1. Just the residues that are buried (at least 20 other Cβ atoms within 10 Å of the Cβ) and assigned to a loop (DSSP other than H, G, I, E, B), please, taken from segment A:142-158.
2. Select from segment A:62-82 the residues that are touching a residue at least 60 places away in the same chain (Cβ under 8 Å) and part of a loop (DSSP other than H, G, I, E, B) and list them in ascending order.
3. Can you work out which of the residues in segment B:145-174 that are over 24 Å from residue B:84 (Cα atoms) and within 12 Å of chain A (Cβ to nearest Cβ) is surrounded by the fewest Cβ atoms within 10 Å (Cβ to Cβ)?
4. Within segment A:87-141, which residues are without any contact (Cβ under 8 Å) to a residue 60 or more places away in the chain, assigned to a loop (DSSP other than H, G, I, E, B) and within 13 Å of another protein chain (Cβ to nearest Cβ)?
5. Any residue in segment B:64-82 that is at pLDDT below 90 and away from chain A (no Cβ under 11 Å)?
6. Being within 14 Å of another protein chain (Cβ to nearest Cβ), in a helix (DSSP H, G or I) and surrounded by 14 or more Cβ atoms within 10 Å (Cβ to Cβ) is the filter here; which residues of segment A:331-361 pass it?
7. Out of the residues in segment A:209-239 that are free of Cβ contacts under 8 Å to residues at least 40 places away in the same chain and within 22 Å of the chain's Cα centre (by Cα), state the one that is farthest from the other protein chains (Cβ to nearest Cβ).
8. If you check every pair at least six apart or on different chains, which have Cβ atoms under 6 Å apart with a residue in segment A:190-208 that is more than 10 Å from chain B (Cβ to nearest Cβ) first and a residue that is assigned to a helix (DSSP H, G or I) second?
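The values are calculated or read from the model by the stated rules, or taken from the named source; none is laboratory data. These figures come from a predicted structure and were not determined experimentally. Virtual Cβ from ideal backbone geometry, glycine too; neighbours counted across all protein chains shown.
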């Protein structure tokens, strides 16, 4: 009776108009220029395109249109190659994506490609749910974001940021320790439980790194939130886009791309600042592409990966404020339009972004499981 | 129906007609039960006991972990207390609006409000309470200006106590709805008869009213308990997991983005089924005792 509300899916949190905003940003460019840029950089391997067109479309899963600009990613792919995309359960979680590969094995409607969190990419690879593929831009994907054997590959990443509703918060917090100030009573919020929501989990990690912890030690992060709760600043309710905009949860710790999309969506109505906390290396989270071992449309799946990892595809992520995996490579080659860079927070901290590996993630989960409910009391 | 069935040929036809009706209407229900209740439950059973290398008790053993035990204790305490609050307050409200002499409009007003409130849950409910009883909520701030500091005195909306208050918001109205027919069934004549024999109001309730209502009260309690026990969206939106509760733990391991352990989820679900079975057994025994008078 209680569950009228949609379950908290992986991406259910912010149904924000990243796509719509992205389109708006794009239209700010000289239209011809933007189109030329895309025309020059999307994959044009004619043999692959011809083979992909013979497949029965492309089955994707869990790509929310308003998340990291997937609406545009899908429509551009369809427009360029004339291949129809069937995107199943847009709001499914990583766990559900893997389940779909297992349960739809051998069926025409099984997913061809998935977009999952790194720990789920590792599970999928270990279980043999994926097949290797190396896109032509493979070498410019950072090594710490891909499987050496090509089973999975990071596509985009974000870092932990503070989304601050400035109509409620007069002085925006700049560092993690600023959050402890008494002026932020009842204001600091996560997007769910750190044991269930990726961004909330990352927030505890980021707080740890700012307080003497490291990727190997999330403990200080838990202690930080315990302190935050004790000071009365931690608001344990689940932040939503609506609660940030209305000011019920005026400081939301979340991925930069979600906070940025929210800020731009509400431009002119309410000022939302997005800040990457200073004084510590930013904590990053990425998602991974992988091709299902049982992909019913294998060639179309490969073409999709080529498209996603082309300059054109990677720029689509960036339009949705998600940093593409090949960001540094593209910046150094000067293919990222200035205007797009201006929409983002300063690039400097992103150079030091830290990603945890599997062992570090698991260690942190185990500590969180036992300590979070014990230590953090409001 | 028995009056019609007497004449044999027509009756036989009618009876086979009833059979057909039963098949058409009850059959799908049973199928539905099989597909969406019994088979999934069996699957849970299978999942909870199978590891990478066949049979394992690993996941069931996880139920003994400190964290999990705490989640079960919290869930059971929260459900039983919030149901008790619902039972008592809802029962009294239902009686007051149905009592002979109660204003007519009051009754329809309360029942229609209850129908709405019993279904008001999840994120909107959580935020309604955050903005009234949260640490910066309207009521909290107002009480503070009167010199009553709720949070300094140990109260927190994000604790079991806080959740009991939040749950009461949908438990009480649900109780009003489910108990109303039983209270309406109390005949005026019974009370009059008791009073004529010199019973006080207390004696009437002690020996007539409550014993008649008891079976319905018990089953209402079970319903409220199950309602609270399975509640997920409200506590999640309100506490983001700082309070361990079984449904939230299940969602963390089953559909979260941080951990994945469907088997642990299955084991936790079996634990929940176990708790419900125990509650149902207590109910069966209690209901049998409570309805002894009907057999005398």
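1. A:151, A:152, listed by residue number.
2. A:66, A:67, A:68, A:69
3. Across segment B:145-174, the extreme among qualifying residues is B:152.
4. A:89, the sole residue that qualifies.
5. Yes, there is a match, as at least one residue in segment B:64-82 is at pLDDT below 90 and away from chain A (no Cβ under 11 Å).
6. Of all residues in segment A:331-361, those within 14 Å of another protein chain (Cβ to nearest Cβ) come to A:356, A:358, A:360-361.
Going one step further and asking which of them are in a helix (DSSP H, G or I), we end up with A:358, A:360-361.
Matches in segment A:331-361: A:360, A:361.
7. Looking at the filtered set, the residue picked out is A:214.
8. Once the first residue is more than 10 Å from chain B (Cβ to nearest Cβ) and sits in segment A:190-208, its partners that are assigned to a helix (DSSP H, G or I) give A:204/A:221; A:205/A:221; A:207/A:221; A:207/A:224; A:208/A:220; A:208/A:221.
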